[in-house]
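The next block holds one structure in the form of structure tokens; read it before the comments.
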Protein chains: 2
Amino acid sequence: MIHPVPPGTRDVLPDEMRELRALSLRLHAVFERAGYGEVWTPAIEYEDVLRRGDESPPEAGLRLFDDRGQVLVMRSDATIPIARLVADHYGGVPAPLRLCYFAHAYRSVERGSGRAREFLQGGVELIGVPGAKGDAEVIALAIDALGEAGLRRHRVGLGDGMLYRTLLDATEVPEAQRRPLLEALWRRDLVALEARIDALGLARPARELLVTLPTLRGGPDVLARINASVGAALDNLREVYELLAERGAADRLIFDLGLLRELGYYTGTIFEVYDPAVAFALGGGGRYDGLLGRFGEPRPACGAGLDVQRVHLAQLEEERTAGEGAA
Amino acid sequence: MIHPVPPGTRDVLPDEMRELRALSLRLHAVFERAGYGEVWTPAIEYEDVLRRGDESPPEAGLRLFDDRGQVLVMRSDATIPIARLVADHYGGVPAPLRLCYFAHAYRSVERGSGRAREFLQGGVELIGVPGAKGDAEVIALAIDALGEAGLRRHRVGLGDGMLYRTLLDATEVPEAQRRPLLEALWRRDLVALEARIDALGLARPARELLVTLPTLRGGPDVLARINASVGAALDNLREVYELLAERGAADRLIFDLGLLRELGYYTGTIFEVYDPAVAFALGGGGRYDGLLGRFGEPRPACGAGLDVQRVHLAQLEEERTAGEGAA
């Protein structure tokens, strides 16, 4: 007799758990060595507190009710609760703050979507270091952590969360028309994106810019292929690249100017981490200079999170592939 | 501006988290060395699945609703989900199964009660080893783990979850009168217990037995002070004592014949772990031979769970006291 667990959750048995624990310990050691102190936030929080940090629809979180009828929500990411923790415990502390975490996050998912409702995240948050310097530190740490986990071929897709929005400003796309474009871009549905752009009836140079930018992926030369004013984003990306090149990590980077990430709080550099052995992103992150201010503690910040179970799958797949190569 | 977290939950900052992680690793190493493989069960499960293992009222768990309206509940202990996991993944496997876990559990608590709504448990479950042999293995492991955590003065209170119930049978207390007696005993309210027993109007020897048994605490001689047929419980406790004496752990044991534990599934030996430096139990456990059968996989089983944050507080208090002693 099998007793089901909710869709998107699963049991982990000892063989896999031993590997997941070893992997978490390795990632933790990298973060700790870099000066990131681990924190824990409750798995359940008041929804109205967490909503300060996130404008996404409430269906995203799993909600429950307090004994007084207040709405609680299970943490659906680590960054917003840690922003809350920083405001509560480190208010007015000016020095940079380096925090890391290992915790499960919970999302309500559609049945049959195959997405995880419970997933283990390990990551870092760097508070108080603005701009490319902070971005590069966090991205380098994610790259190091995956190297320490035994991955050899991992890459970082690098973009800017405001880039396309700035372009929509520059090309004067009406506010009401923007959301479907950003959603198509987020889904990486470039066919739908192009159709929607064509329907706007823009002048040719504006249309070309909006259609071309999401296709720009590759080395630093792609930055030279934009002939439009998109603010400081490109300068910042160039600087991140230079700083990571100094650390010997330039060959890990792929500029991906159409990159958008799910969470709504990113204000600058964003990135995702991949390994060629598996089809899904292993994690990602970005700069969220506005988030702490929403908790009354305005400070620049940048973070990275890895999905530990996905990194584990990439480890296994890399080992399998290496084994085949040797055979 | 402070943004509150729900009562009974708390943030853990890096200094404390470092110590909690080190403590968890030590406990985990003891369990793993003894052959206990770590498992993970989802923090949320279907309520009707977990209710198979527990008849306690539903308020005990934090409940939430699925996208299809099914009732989910956050895990409120580790043992029932692991019994479910064993039935799902190890059905028909006859060999003893040794599993351990480190996970937070969640309970709804009354505001102002000071009790934790979110607490980190580390523990073991030994499946398929019946009787005193299994009990002694689990209790020895709990004692070793606390020693490894740096405690020096910890003690185990040892009783039997069926002992008082057997006595209520033997003294022919009507079924309907038993619950308030067991509740008073569970609260350790011996005054209320005695008053309720007196109200029953029992014959003097029966009354004496019911009033005296909960006061019997101490070395193995207390077992000789019961002149009544209470089934196999006393023989089993004697055997557990002998087995632990062979392991050199006899001086850790305190018989506590009035011990009752909160969870309803215990069928034999039960125990709680204490340290004189702190006023609360650090953990406990017992034998639950009926639980796996409720999931269709009848097997004897016994487990122990430690509250990691409480063990940590005992560590700190022991260090402080040792420091004072040296000064």
| query | What FRET efficiency do you get for A:Lys133 and A:Thr166 if R0 is 30 Å and r is their Cβ-Cβ distance, rounded to the nearest 0.05? | reply | 0.90
| remark: Honestly chain A on the Cα gyration tensor test (a ≥ b ≥ c root eigenvalues; a/c under 1.5 rounded, otherwise a/b vs b/c for prolate or oblate) is just rounded
| task | May I ask which residue of A:Leu243, A:Gly122, A:Leu210 lies farthest towards the positive end of the charge dipole of chain A, with charges of +1 (Lys, Arg) and -1 (Asp, Glu) on Cβ and the Cα centre as origin? | result | A:Leu210
| query | Over all residues in A:6-16, what is the mean tally of Cβ atoms on other chains that come within 10 Å of each residue's Cβ? | reply | 6
| field | Kirkwood-Stokes translational diffusion coefficient of region A:117-190, alpha-carbon pairs, 4 °C, 1.567 mPa s, µm²/s | value | 83
| note | Taking only protein heavy atoms and a 1.4 Å probe, the highest-to-lowest accessible-area order of A:Ser76, B:Ser229 is B:Ser229, A:Ser76
| task | Might you report the magnitude of the Cβ-based charge dipole of region B:275-327 about its Cα centre, with Lys and Arg at +1 and Asp and Glu at -1, to the nearest 20 debye? | result | 340
| For region B:1-97, which trypsin sites (Lys or Arg not before Pro) are both in a DSSP coil and crowded by at most 11 other Cβ atoms within 10 Å? | B:Arg68
| Probe 1.4 Å, protein heavy atoms only - accessible area per residue of region A:121-209 in square angstrom | 45
| field | Helical segments meeting 24 Å axial Cα length and Kyte-Doolittle 0.0 threshold in chain B (DSSP H) | value | B:131-148
| field | Check: region B:117-228 dipole with +1 on Lys, Arg Cβ and -1 on Asp, Glu Cβ, in debye | value | 340
| message | So, taking all protein chains as they sit and a 1.4 Å probe, how much accessible area belongs to A:Lys133, in Å² rounded to tens? | response | 140
| remark: In vacuo Debye sum over C-alpha of region B:208-313, base-10 log of normalised intensity I(q)/I(0) at q = 0.10, 0.13, 0.22 Å⁻¹, listed in q order, is -0.34, -0.57, -1.36
| request: Take every residue in peptide A:32-41, count the Cβ atoms of other chains within 10 Å of its Cβ, and give the average of those counts. | output: 4
| message | Using a 7 Å offset from Cα along the direction of the beta-carbon, what are the separations from B:Arg238 to the same position in each other copy, nm, ascending? | response | 8.8
| What length, rounded to one decimal in nm, is gained on full extension from A:Ala279 through to A:Arg152, with 0.36 nm per residue of separation minus their alpha-carbon distance? | 44.1 nm
| task | Output the Kirkwood hydrodynamic radius of the protein assembly as shown, Cα pairs only, in Å rounded to one decimal. | result | 27.6
| request: Give me the percent of Cα-Cα pairs in region B:201-244 that sit more than 14 Å apart, rounded to a whole number. | output: 55
| note | Rg/Rh of region A:168-226 (Cα atoms, Kirkwood Rh), to two decimals, equals 0.97
| message | Show me the GluC sites (Glu not before Pro) within region A:135-228 that DSSP assigns to loop and that have at most 13 other Cβ atoms within 10 Å of their Cβ. | response | A:Glu172
| field | Top positive-direction residue, dipole computed over chain A with Cβ charges, set A:Ala22, A:Tyr101, A:Gly290 | value | A:Gly290
| field | Ascending list, in nanometres, of distances separating the B:Arg18 label from those of the other copies (7 Å, Cα toward Cβ) | value | 3.0
| task | Find how much the distance from A:Ala232 to A:Arg68 grows on full extension, using 0.36 nm per residue of separation minus their present alpha carbon separation; answer in nm with one decimal. | result | 54.2 nm
| message | Relative contact order of region A:1-134, please, whole-number percent, based on alpha carbon pairs below 8 angstrom and at least 6 residues apart. | response | 28
| query | If you build the Cα gyration tensor of region A:144-296 and take the root of 5 times each eigenvalue, what three semi-axes come out, in whole angstrom, biggest first? | reply | 27, 17, 16
| Which value at 222 nm does the protein assembly as shown reach when only helices count, each DSSP H run of 4 or more adding -39,500 (n - 2.57), with the total divided by all residues and rounded to the nearest 500 deg cm²/dmol? | -12000 deg cm²/dmol
| message | Rounded to whole angstrom, how close does the nearest chain A beta-carbon get to the axis mapping A onto B, and which residue is it? | response | A:Leu64, 2
| field | For region A:30-150: rounded, prolate or oblate by the Cα gyration tensor [a/c cutoff 1.5] | value | oblate
| query | Placing a label point 7 Å from Cα toward Cβ, how far apart in nm is A:Gln177 from its equivalents in the other copies, listed shortest first to one decimal? | reply | 8.5
| task | Give me the distance between the Cα centres of region A:108-180 and region B:192-211, rounded to whole Å. | result | 68
| Taking the Cα centre of region B:233-327 as the origin and placing charges on Cβ (Lys, Arg +1; Asp, Glu -1), which of B:Gly305, B:Leu253, B:Tyr274 is farthest toward the positive end of the dipole? | B:Gly305
| Taking a point 7 angstrom from the Cα of B:Arg10 along the C-beta vector, which residues in region A:76-105 have backbone N less than 20 Å away? | A:81-91, A:100-103
| remark: Taking a ≥ b ≥ c as the square roots of the eigenvalues of the Cα gyration tensor, with a/c under 1.5 meaning rounded and otherwise prolate when a/b exceeds b/c and oblate if not, region B:1-50 is oblate
| task | Note down the accessible area of A:Asp235, probe 1.4 Å, to the nearest 10 Å². | result | 100
| query | Mind checking the dipole of region B:1-145: about its Cα centre, +1 per Lys or Arg Cβ, -1 per Asp or Glu Cβ, Debye to the nearest 20? | reply | 120
| query | Top mean-square fluctuation among B:Ala199, B:Ala83, B:Ala245, Gaussian network model of chain B, C-alpha springs under 10 Å? | reply | B:Ala199
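The values are calculated or read from the model by the stated rules, or taken from the named source; none is laboratory data. What you see is a predicted model, and the numbers here were worked out from it, not measured in a lab. All Cβ positions, glycine included, derive from the backbone under ideal geometry; neighbour counts span all protein chains shown. Accessible surface areas use protein heavy atoms only, side chains included; no ligands, DNA or RNA. Shrake-Rupley method; radii C 1.70, N 1.55, O 1.52, S 1.80 Å.
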